[in-house]
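The values are calculated or read from the model by the stated rules, or taken from the named source; none is laboratory data. Here the structure is a predicted model, which is why all the values come from computation and not from measurement. All Cβ positions, glycine included, derive from the backbone under ideal geometry; neighbour counts span all protein chains shown. Note: areas computed on protein heavy atoms with side chains; ligands, DNA, RNA excluded. Shrake-Rupley method; radii C 1.70, N 1.55, O 1.52, S 1.80 Å.
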Amino acid sequence: MQAQKLSNIEKNIIASVETNHKSALLFLEKVVNLNSGTMNHLGVKEVGNVFKKEFDNIGLDTKWIEMPKKVNRAGHLFAKTKGAKGKKILLIGHLDTVFEKDSPFQQFKIEGDTAYGPGVNDMKGGNVIVLYALKALHESNLLENAQITIAFTGDEESTGQPLDISRKDLIEAAKNNDIALGFETSTGFNYATVARRGSSGWKLEVKGKRAHSSGIFNENIGAGAIFEASRILNSFYTEEDRCKEFSNFLVFLIF
């Protein structure tokens, strides 16, 4: 089976990406070397401003969204194209990392064909992909009419509370777009994940007779509350078709 031929427009986009490869690596090094641990609010905002300047340069409308003091987070960077054609697309990333200012892991480096540094993978690398993909479209005059929103949150690693404030802008953006793409790796490089497990919250209550542990399992006392809870959780594992997924879930619950 023959591979699909690329159009001239697609060839131009690929050529732009290849031409800008070294520039993208240098930009990645720049933002990785700026500490943006979630609680380093100034650092998160500084990284946001670096991306903001680049988005401004390719004609996007950008804004920094400050969070109220009670949320105790830096804020979010949003950017938007000015077009009105095609699907409305939301591109999602985050500016913060788990490596705070006191972490010994602070510097970008390349060994062979692998880059290391705080946030290289999670997820300044993904943010750089978003930026340079948009640059490639801009250089081919394909960005002006597009309907694209970029949402780079500043508190993904440790979400600000309450959620109805810290996630308000992201939720509104999701409601106003047709397609949402997240650029944090999940199943490995060179793959796109189209479905993920969801999550739910629930409370399990069990009852048992209070007694000394030496009397456990006798006729009057029974197995006790902890054993009943374990029995219920184990039944989830044995009866659920996706046992592997639930085993991870149970470990999380128990420990």
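Run the numbers for S200 and N72: contour at 0.36 nm per residue of separation, minus the present Cα-Cα distance, in nm.
Values: separation 128, 0.36 × 128 = 46.08 nm, distance 2.57 nm.
The S200-N72 span can extend by a further 43.5 nm.
Ranked by the mean number of other Cβ atoms within 10 Å of their residues, highest first, the peptides 19-28, 229-238, 104-113 come out as 19-28, 229-238, 104-113.
Farthest toward the positive end of the dipole of region 92-219, out of F189, S213, V128, is the Cα of S213, where the dipole comes from beta carbon charges about the Cα centre.
Taking 0.36 nm per residue of separation and subtracting the Cα-Cα distance, full extension of the segment from S186 to Q4 would add 62.8 nm. Modelled label positions at D56 and L142, each set 7 Å beyond Cα in the direction of Cβ, lie 2.7 nm from each other. The alpha-carbon of K70 sits under 20 angstrom from the alpha-carbons of these lysines, leaving out residues fewer than 8 places away in its chain: K45, K168. Computed from the C-beta positions of A225 and K87, the FRET efficiency with R₀ = 41 Å rounds to 0.20.
Using a 1.4 angstrom probe on heavy atoms only, work out the carbon and sulfur share of the accessible area of the chain in %.
Numbers: 9060 of 16940 Å².
Summing carbon and sulfur atoms, their accessible area is 53 percent of the total for the chain.
For the residue pairs K30/K124; K5/K135; K88/K175, the alpha carbons lie more than 21 Å apart in K5/K135. What is region 22-137 by shape, rounded, prolate or oblate, if you read a ≥ b ≥ c off the alpha carbon gyration tensor as root eigenvalues and call it rounded for a/c under 1.5, prolate for a/b larger than b/c, and oblate otherwise? Taking the square roots of the gyration eigenvalues as a ≥ b ≥ c, region 22-137 is oblate.
With Cα Rg over 2.2 N^0.38 Å in mind, check [x] 1.32; [y] 1.05; [z] 1.42 and report the label derived from this structure. So the calculated entry is the one marked [x].
Considering helices alone, the calculated mean residue ellipticity of the chain at 222 nm is -11500 deg cm²/dmol, with DSSP H runs of length four and up weighted by -39500 (n - 2.57) and normalised per residue. A simple spin-label model places pseudo-atoms 7 Å from Cα toward Cβ; at I110 and I216 they are separated by 5.8 nm.
Surface analysis of the chain yields an accessible area of 66 Å² per residue, using protein heavy atoms and a 1.4 Å probe.
In this simple spin-label model, placing a label point 7 Å from the Cα along the Cα-to-Cβ direction at both S23 and D102 gives a separation of 4.1 nm.
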